[in-house]
Structures are given as structure tokens and as C-alpha cells.
Amino acid sequence: MAKVVEELKPDKAYVDASDVKPDRYGDQIKNMLSFNVELVSEHKADSKYLIVSAASILAKVKRDSYIKELQKEYGDFGTGYPHDQRTIKFLKKQIELRGSPPGFVRKSWRTVQRIMEEKT
């Protein structure tokens, strides 16, 4: 999120806090920036602020497009969410074949970590 704010350099930014403490999340972002910004960090910001709702929709559309492109190369691996059974099956197979998940997979997912632990 800090990269996005840094690139856009707004006077004011709204973020949907992905930390249990929204203020801490906002402070973390501010500490990564090269400029001062008024930052609104709240839970459920997408339901409170129209601009966050719009950004959320655009991000979802972009994600879905990216997933479709990846599926052309890797086959139908489901939704790409770590709870999806097709995605889990795909991850297990990829980790078995490669020793690690593909580069586009978030290694911090608990699902990936669990599969990696089961492998050893």
C-alpha cells in the first residue's frame, strides 16, 4: 500500500486497514513514505468511502484478469485464494514438482506454509 501511495503522492489517502489496529497500519505506511500525507486508515474503509469502494472494485477486476492470464500458463487452479480446494491441490502439486510454489504465489500464506511443512 505504501508503494501505491508513494507513487500517487496524494495530499490525502484512504486505506482499508489490514491490521487489527488501524492506526498502527497507517503509521507503518507513513513511515515508508518520502513525503507527508494525511492518511485515513480504517477498517471497512471500502464501505465508508466511495473512493476506497471504487479502488476495491478496480483491484478485483485487475486481479481476476491476472488470474485468467496465469491460468492460460498453469491451467485451471481455481480462484487463487488460499482456501479454495482447487488452488490447494494446485499448490500441493507445484510444491511437489518444484520444491516450492510458483513465483506468483504469496509465500506468507498459511496454506503455503502448511503445505511446505507437510513436505518436509
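Summary table below
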{"read-out": "Out of 77, 90, 104, sole residue that is assigned to a loop (DSSP other than H, G, I, E, B) and at pLDDT 95 or above", "value": "77"}
{"read-out": "Boolean, residue 104 is out of contact with any strand residue (DSSP E or B) (no Cβ under 6 Å at 6 or more places or on another chain), farther than 16 Å from residue 4 by Cβ, of a type in the set (A, V, I, L, M, F, W, C) and exposed (fewer than 13 other Cβ atoms within 10 Å of the Cβ)", "value": "yes"}
{"read-out": "Verdict on residue 59 being farther than 21 Å from residue 113 by Cα, under 15 Å from the mean Cα position of the chain (by Cα) and either of a type in the set (D, E, K, R) or outside the structural domain of residue 115 (by TED's automatic domain parsing) (or both)", "value": "yes"}
{"read-out": "Candidate set: segment 11-30, residues that are closer than 16 Å to residue 54 by Cβ and surrounded by 14 or more Cβ atoms within 10 Å (Cβ to Cβ); chosen: the one farthest from the chain's Cα centre (by Cα)", "value": "13"}
{"read-out": "Residue count for segment 48-87, restricted to those that are exposed (fewer than 12 other Cβ atoms within 10 Å of the Cβ) and among the polar types (S, T, N, Q)", "value": "2"}
{"read-out": "Tabulated pairs, segment 14-43, first of a type in the set (A, V, I, L, M), second part of a helix (DSSP H, G or I), C-beta under 6 angstrom, 6+ apart or interchain", "value": "17/25; 29/2; 32/2; 33/6; 39/26; 39/30"}
{"read-out": "Extreme residue, modelled with the lowest pLDDT, among residues of segment 107-120 that are part of a loop (DSSP other than H, G, I, E, B) and surrounded by fewer than 16 Cβ atoms within 10 Å (Cβ to Cβ)", "value": "120"}
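The values are calculated or read from the model by the stated rules, or taken from the named source; none is laboratory data. This structure is a prediction, so every number in the text was calculated from the model and none was measured. Here the Cβ is made from the backbone with ideal geometry for all residues, glycine too, and neighbour counts use every protein chain on show.
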